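Taken together, the values in this text are just the output of simple stated rules run on the coordinates, not laboratory data. Everything numeric here is computed off the predicted structure, so don't read it as measured data. Because the Cβ atoms are built from the backbone with ideal geometry, glycine has one as well, and the counts that use them run over all protein chains shown.
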Amino acid sequence: MTEPLPATMQVFERGWLSSNNILFTGTQTALVDSGYLTHAPQTLALVQHALQGRPLDLLVNTHLHSDHCGGNALLQQHYDCRTVIPASEAGKVRDWDEDALSFIATGQQCARFGFDATLSAGQTIRLGDMDWQALGAPGHDPHSLILYCPAERLLISADALWENGFGVIFPELDGESGFAEARATLELIATLDVRLVIPGHGAPFADIGKALATAFSRLDYLAADPVRNAQNAIKVLLKFLLLERQQLALDQVAIVLGGMPLVQESNRRFLQLPMEELAQWAMAQLVRVGAAQVQARLLVNRD
Ligand SMILES: [Zn+2]
């Protein structure tokens with residue numbers, strides 16, 4: 001990493017099945033985002049090791065995708081931590097409405113968790129003895145927050161901005177607006193004075209200008225033809241499934257993809273392919289970019 005983090009802050013860079021986790025020490029301890037369900041024991045172990053016997057006081061989610069909140073339940077079992085979620089998700093979490101949350105649509109898992117408080121855009125939250133502004137970051141997810149610390153010029157960008165892109169623009173897959181919101185979010189980020197970005201996935205990076213240029217260019221490409229966003233989403237959903245299961249029988253791929261309501265809906269709106277053909281296309285795409293390989297009758301994950 002090129003730029004040092006404050007002494008009260010550590011980033012656990014996790015990969016793609018789990019989001020990064022950001023641990024804060026200081027007067028109170030806090031964790032931002034908790035990874036995917038199947039990695040939850042690893043998340044807990046990382047937190048326990050770093051806290052050296054201190055309890056976790058606070059758990060905060062930037063947004064409630066399964067790879068950002070899948071460790072919440074285990075952390076709550078283990079610690080009596082106060083949990084803070086984006087305010088606009090409160091009703092869904094209270095009722096554990098897995099249809100309204102994204103877990104059923106994406107075929108992803110998340111253990112039920114509760115919350116104690118909510119965070120809205122415009123509010124400030126204290127993490128690692130620093131003040132962080134919560135900013136609304138719709139586009140990838142209508143309810144996502146990002147966190148900005150002006151004093152330290154740090155940005156926790158969740159899936160709104162990565163070093164080389166951003167998360168799938170999910171609302172567009174259901175025929176709702178997402179490209180315009182993603183653009184506004186990038187424009188908002190461009191107004192911030194930032195020395196280091198801690199993204200939801202991948203290593204922290206300092207060159208925010210380059211990342212923003214890449215993101216705007218990618219957004220222009222996707223928005224020019226929404227079919228591209230749907231194709232990207234289906235590839236990402238299949239890759240996520242492969243990361244989770246490591247391998248899939250070739251003749252099961254069409255069945256599992258077809259079992260994801262979001263894939264069905266994206267296909268219905270944008271691609272209109274028989275599911276078998278869609279599965280063949282998605283597999284070929286992953287193989288082409290080196291994200292998977294075919295071995296015998298299996299599609300196998302490649303990192
Ligand atoms: Zn996300």
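Using only alpha carbon pairs under 8 Å that are at least six residues apart, calculate the relative contact order of segment 227-301 and give it in whole percent. Mind dumping the intermediate values first?
Numbers: 64 pairs, mean separation 31.8, N = 75.
Result for segment 227-301 is 42 percent.
Would you mind pulling out the separation of the Cα centroids of segment 121-191 and segment 18-32, in Å?
18 Å
With r defined as the distance between the Cβ atoms of Q42 and D220 and R0 fixed at 45 Å, what FRET efficiency is calculated, to the nearest 0.05? Intermediate values should be presented prior to the final figure.
Details: r = 37 Å, r/R0 = 0.83.
Once rounded, the FRET efficiency stands at 0.75.
Taking every DSSP beta bridge that has both residues in the chain, what percent is antiparallel when rounded to the nearest 5? Kindly include the intermediate steps, with their values, before the conclusion.
Values: 27 of 40 bridges.
Looking only at bridges with both residues in the chain, the antiparallel portion is about 70 percent.
With the calculation restricted to Cα positions, what are the radius of gyration and Dmax of segment 227-301 in angstrom?
Just the Cα atoms of segment 227-301 yield Rg and Dmax of 11.2, 33 Å.
So how far apart, in nm, are the two label points at D95 and A50 if each is 7 Å from Cα heading toward Cβ?
Placing both labels 7 Å along Cα→Cβ, they lie 3.5 nm apart.
At a threshold of 8 angstrom on Cα-Cα distance, excluding pairs fewer than six apart, so keeping six or more, what relative contact order does the chain reach in percent? Could the numbers behind the result be given before it?
Numbers: 606 pairs, mean separation 43.4, N = 303.
Relative contact order, the chain: 14 percent.
By how many degrees, between 0 and 90 and to the nearest 10, does the Cα long axis of helix 179-190 differ from the longest principal axis of the chain?
Helix 179-190 sits roughly 30 degrees off the main axis of the chain.
State, in angstrom, two size descriptors of segment 99-154 derived from its alpha carbons: Rg to one decimal place and Dmax to the nearest whole number.
Every Cα atom of segment 99-154 included, Rg and Dmax give 14.2, 40 Å.
Please list, ordered by chain and number, the residues whose modelled amide H lies under 5 Å from the amide H of L196; skip anything fewer than 5 residues away on the same chain.
Answer set, sorted by chain and number: L155.
Please report, to two decimal places, log10 I(q)/I(0) for the chain at q = 0.09, 0.11 Å⁻¹ as given by the Debye formula with identical point scatterers on the Cα atoms and no solvent.
-0.43, -0.65
Express in whole angstrom the spacing between the alpha-carbon centres of segment 68-103 and segment 226-284.
If you average the Cα positions of each part, the centres end up 27 Å apart.
Using all alpha carbons of segment 1-102, what is the percent of pairwise distances in each 5 Å bin, ordered from the shortest bin to the longest?
Spelled out per bin, shortest first, that is 3, 12, 24, 26, 18, 11, 4, 1, 0.
Using only helices, what value at 222 nm comes out for the chain when you add -39,500 (n - 2.57) per DSSP H run of length 4 or more and divide by the total residues, to the nearest 500 deg cm²/dmol? Intermediate results must be reported in sequence, preceding the final value.
Working: 12 runs with 111 residues, N = 303.
Helix-only estimate at 222 nm: -10500 deg cm²/dmol.
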